[in-house]
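Report on the structure given below.
Taken together, the values in this text are just the output of simple stated rules run on the coordinates, not laboratory data. Owing to the predicted nature of the structure, the values given are computational and were not obtained by experimental measurement. Reconstructed Cβ throughout: ideal geometry from the backbone, glycine too, with neighbour counts over all protein chains shown.
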Amino acid sequence: MMPHTGYNVRMHKKQVLLGLTAALCLLLAACDGDSRPFEESAEIATLDLAVIEVVPPANSDASLVINRDEQVQLGLIGVSNSGIAFNLSTVGRRWSTSDSSIIAVNSDGVVTGQNNGSATVSVSVSNIVSAQFGLTVNDATLTSINSIEGQENLERCVPGEYFATGLFDDQSVRVLTDAGYSLQQTTTATLVNSNQNTAIINATTAGAVTITATVGNLQPFERQLTVLDTLQSVSVFPNPASLDVDETIDFTATGNYVSIDGTSSTRDITDQIVWVVDESGGGEASVDSINSNNPGRFEAEEEGTVRLLAFCGTDVTNIGQSVNVTIDEEDDDDDDNDS
């Protein structure tokens, strides 16, 4: 079958356009030092963006209510002409507010409550302007933490998100952006991350775990969670593996689960398990593990054999899998032939 010539021409033109846009961006940035408008133009073209939208922090209500002097980080998403959504950086954008006496906003999308009232915030990315996002400032005092919201049960090495809500003296219930979180039974689960208003828990052992939310001197709020024993096995790919010294490869781990009702499912748990290299076979290598930038990224360092271990939890006796990795010296035959 002959290729569609018109399609190839259109794709070629688009690639040329993107290349020219990037080159122009670099040229103009070198001239005046302000590359952001041109970077944004390239960003719009590359992602084929049609719409941008300001969004509240995770788990917050769409109608966001904050106190005076409270700061909240807004988010930004873009939607392409084909309907694909992208998370966009909020940093260094042209943010604006309809009333700076009520809501202030900086160039990174952080809003600050100034005085009671309502105002809107919007942002421009190149020539695309977002719809107005509404916020209300209603200065009120938090009287109690009244709940921790999130899923009822956890599964091993599948992160769960939780957030606290509080009752204020104006009778409003709001998501708390300044709550601190901690765990009891820390051998069962770990607190992976706790950002502005969300706690992310990674459970590693079946059983019970208690999450606690605290704000200032108020009575802490506790919620007990159940970690289900549904993880049956861990599969690592590729298995086995062979690579040269100084070569890098990204391993992936899949969790195989069976629910209470007998339903089987698989999940990518590469980012949530522990990766370890056993060098008793004579080879040397390193691997990025949980909480690093690239969990599962393996680098061969010295010739020999190593065993890569991937398991759910901090104990190698937990459910996991091992992979035999053969490391060879780089093949210099081609170089010898060339000489």
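Using a simple spin-label model with pseudo-atoms 7 Å out from Cα toward Cβ, Asp139 and Ile260 lie 4.8 nm apart. Count Lys and Arg as plus one, Asp and Glu as minus one, and take only other residues whose Cβ is under 13 Å from that of Thr270; the net charge is then -2.
Separation of the stretch 67-111 and the stretch 116-130, taken as the distance between their Cα centroids, equals 7 angstrom.
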